[in-house]
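Here is the structure we will look at, set down as structure tokens.
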Amino acid sequence: MTIAIFLVFVSLVLFVSSWTSRKAKGVGGYFAANNSIHWGVNGIAFAGGYLSVASFLGIAGLIAFFGYDGFLYSIGFLAGWIVALFIIAEPMKKRGTFTFSDALNRTFSKPGIQLSAGLSVLVVSLFYLVPQMVGAGVLVEPLFGIPHYWGVILVGTVVIIIVAGGGMTSTTYVQFFNGGLLLTFAAVLTIAVLGRGIDVDQRTMEEGSDGLESYRFARIGFNEATQSFQTNDLVLPRITERFPIIDRYTGEEGPVFYRISHVIPAVSTGTGTYSAQIKGRAPFFQLPPGPGALWMLEEQAGNPGIRIQDWWRLERSSTGQDYLVEAQSRTMTPQGLSFINGAPESPANRLRQMGSVTRIPDEYGTRTGALGPVRLLSILSDNQTIIQQPKSVSFTSGSGDRVSLYYELPLSGYQFMRPGLMFPLEARAGEPPATTLLNRLNFISLMLALFLGTAALPHILIRYYTVPSAEAARKSTIVAIGGIGLFYILTMYLGVGAIIAGALHPETSNMSAPLLARSFGELLFALISGIAFTTVLATVSGLIMAASGAVAHDLMGNLARREFSDGAKVRAGRIVAVVVGLIGIVLGIAFRGMNVSFLVGWAFAVAASANLPALVFMLFWKKTTAQGITASILTGIISSVTLILLSPDMWGRYGFDPSTAPMPINQPGIISIPLSFLVIIGVSLVTGKKQAE
Amino acid sequence: MAHKNSLNTMGYEQRKSALGVRMTTLYSVVYIGFVGVSVFRPQWMGVRAIFGLNLAIAYGLGLILFAIILAVIYNYLCKVPVEHSGKQQDADGQAFPSRGDNP
């Protein structure tokens, strides 16, 4: 059914696109939808284009895994629209024809300006394309069971058809269609979350129709001092390894993990094959185990048993009674064998979903029933509430295995629902003051880029040219703010709903919203996944459209130093759409596995650094010169991109130690945005004086 | 008449632009306040503020709602004709039907 609904959505998008593409004749039709779009439609299309998978999947995932800190993206993404509405919308509409560099060109009419502005649109679009493509792959992987890259290729192909075929008209209606769907179904899902309330004993269905109930991790008595087990639940347990996470500043032990070998009962399912229950799943064991296998057959009083090795987290209590809590693991042996929770990895043996609320304030007992939107958040942020936050750690074990552990850490609602889990702003024990300062700068830098980036995003800027008047541009921006603001409030409920439902895939935060939908049934899951996919299509269409306009309209004429005919421009626009789409496919495959919201943060930083100073100064400072604008745009692009390439996160991607990266923080905005502003002021003053002489 | 109209348009545009800058400044101050508290007084964010919500949630949701409210107010103010320009208003109250802005 999922696949059917999914295909229905994709066909609807293609239908909308081909039906509207007939209107997209001529250069004005292709690049600006003949300025004929109604402001209401344009407003929802703004929302549909702007609310990318980063907003839908990324933020919900970050809130589910890191609590309040994920919501900071919602706040920043919306706040940026204030700049777009009050400062940029109407003047941009008045000055431009098709692209943002038109507006610059009309004010200064110097060829260099259009060239640098076109270049910046191209760079920002590509940066923004990467997370969208990554998101597409993430969605398709669990839906169809096909590899990540197929999702990326699928999105790329459909989008190329939309943009190259119908230009801005089709793009607008695809975004309108998507914006409507997104708002509607985010609201539906939120109502479902509120209706369900919180139940600490709740078991929701995992993986839909398979009838697999969500799993509660076992907790057994243990004495850390004597290393002895106080349980009958484990058969013949032996501790094979102890792994503590050492705090890098205090040198003290943080969470401690035990690798325990024990025997689980098995049933024979054929010659040399056995099946055993592990964490609610029934993986198969095929004799002989083979070299390097982490299991062996061990009969117990004549009954078959399998000895496996799995991992447990030590929970120390103040009363002296310790516990071991089950963790999940992915282990890669030196021989290249992969094990999940101690058994060979297979379609029958995958990681379980995680997250839960295990305690709520006493006055509610164990379940709340349906809750209002304010009450739900107030209960979740209560000091008595206990939320199990999914965490992970990777290391090489004593036996040379690459181990990734996924475990739950109990947190009070007070800790979960306030800033600090993803962006550590408070100084931790033993932390050098410089690190605290850098953490804070990183956070300020991100919030600055989000605030200033929105108004400078190319696929947002081109939408001002599809409406007939400056007034319509303003009105559609207001519709956008209303719709997008509502959506971002809903993201909070999607995120907390996912952790309440225990719908968190430990290896990908991006799947939290669709898995939340799945806990309500396959139909909602199929719908949400379909919408997530059209969200990618809508945003990517806008980006490719912006890039296509930039090349065909701004760069081509300038580089060739001659004026092209309208027909040639449209042809070039279509060709560029295909090429940029193909580049997007390649980058989407290369950046697999990064959180999409995080990547989008970078795109905002590049946009804010390259475009915003030019826009603001063009509008508000009479002494601005063409040279100042060009220098500022180039400085913004080069500085922000360079700082990102030298950041700790990218350093890790290259395979180096992130702490040795030349740039100490991940977010470049706090350096590159002021730098770009300084350059525009400096160069304008110097060149202005020269011109006066 | 056309001359007079364009002068008024100029006044209207300048007024609107000044209004936009003032509203952006107002919102920026509230936004900077949010970032400032998060960075320098993070412990305040956990304190109960209103309706049983802590300051972090109340301030965050408040910022989103504040943006929507400001947008609506701005639109309302932009519709109101500039002082002394009541005569240029057309029947449906739109001060400046801006079809003429089309490129």
Against the condition within 14 Å of chain B (Cβ to nearest Cβ) and either in contact with a helix residue (DSSP H, G or I) (Cβ under 8 Å, 6 or more places away or on another chain) or part of a helix (DSSP H, G or I) (or both), how does A:Glu90 come out, does it pass?
yes
Looking at this structure, is A:Gly601 surrounded by fewer than 16 Cβ atoms within 10 Å (Cβ to Cβ) and closer than 24 Å to A:Ile589 by Cβ?
no
Cβ-Cβ under 6 Å, sequence separation 6+ or interchain: first residue in the stretch A:271-287 and without any contact (Cβ under 8 Å) to a residue 40 or more places away in the chain and surrounded by fewer than 16 Cβ atoms within 10 Å (Cβ to Cβ), partner part of a loop (DSSP other than H, G, I, E, B) and not small (Gly, Ala, Ser). Which pairs?
A:Gly272/A:Leu287
Residue count for the stretch A:75-87, restricted to those that are more than 7 Å from chain B (Cβ to nearest Cβ) and closer than 16 Å to B:Ser38 by Cα:
1
Say we look at the stretch A:49-66 and pick out the residues that are small (Gly, Ala, Ser) and modelled with pLDDT of 90 or more; which of these is nearest to A:Val174 (Cα to Cα)?
A:Ala60
Spot the failing condition for A:Tyr149; the list is (1) among the hydroxyl-bearing types (Ser, Thr, Tyr); (2) closer than 30 Å to A:Ile633 by Cβ; (3) surrounded by fewer than 24 Cβ atoms within 10 Å (Cβ to Cβ), and only one is missed.
(2)
Mind checking which residues of the stretch B:22-59 are closer than 30 Å to B:Lys79 by Cα, of a type in the set (Val, Ile, Thr) and more than 7 Å from every other protein chain (Cβ to nearest Cβ)?
B:Thr25, B:Val29, B:Val30, B:Ile32
Residue hits (the stretch A:353-383; outside any strand (DSSP E or B) and of a type in the set (D, E, K, R)) are A:Asp362, A:Glu363, A:Arg375, A:Asp382
Positions within the stretch A:370-383 being more than 11 Å from A:Ile360 (Cβ to Cβ), of a type in the set (A, V, I, L, M, F, W, C) and either at the interface with chain B (Cβ under 10 Å from one of its Cβ atoms) or in contact with a His (Cβ under 9 Å, 6 or more places away or on another chain) (or both), in sequence order
A:Val374, A:Leu377
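The values are calculated or read from the model by the stated rules, or taken from the named source; none is laboratory data. What you are looking at is a predicted structure, and each value in this text was computed from that prediction instead of being measured. With ideal geometry, Cβ positions are generated from the backbone for all residues, glycine too; neighbour counts draw on all protein chains shown.
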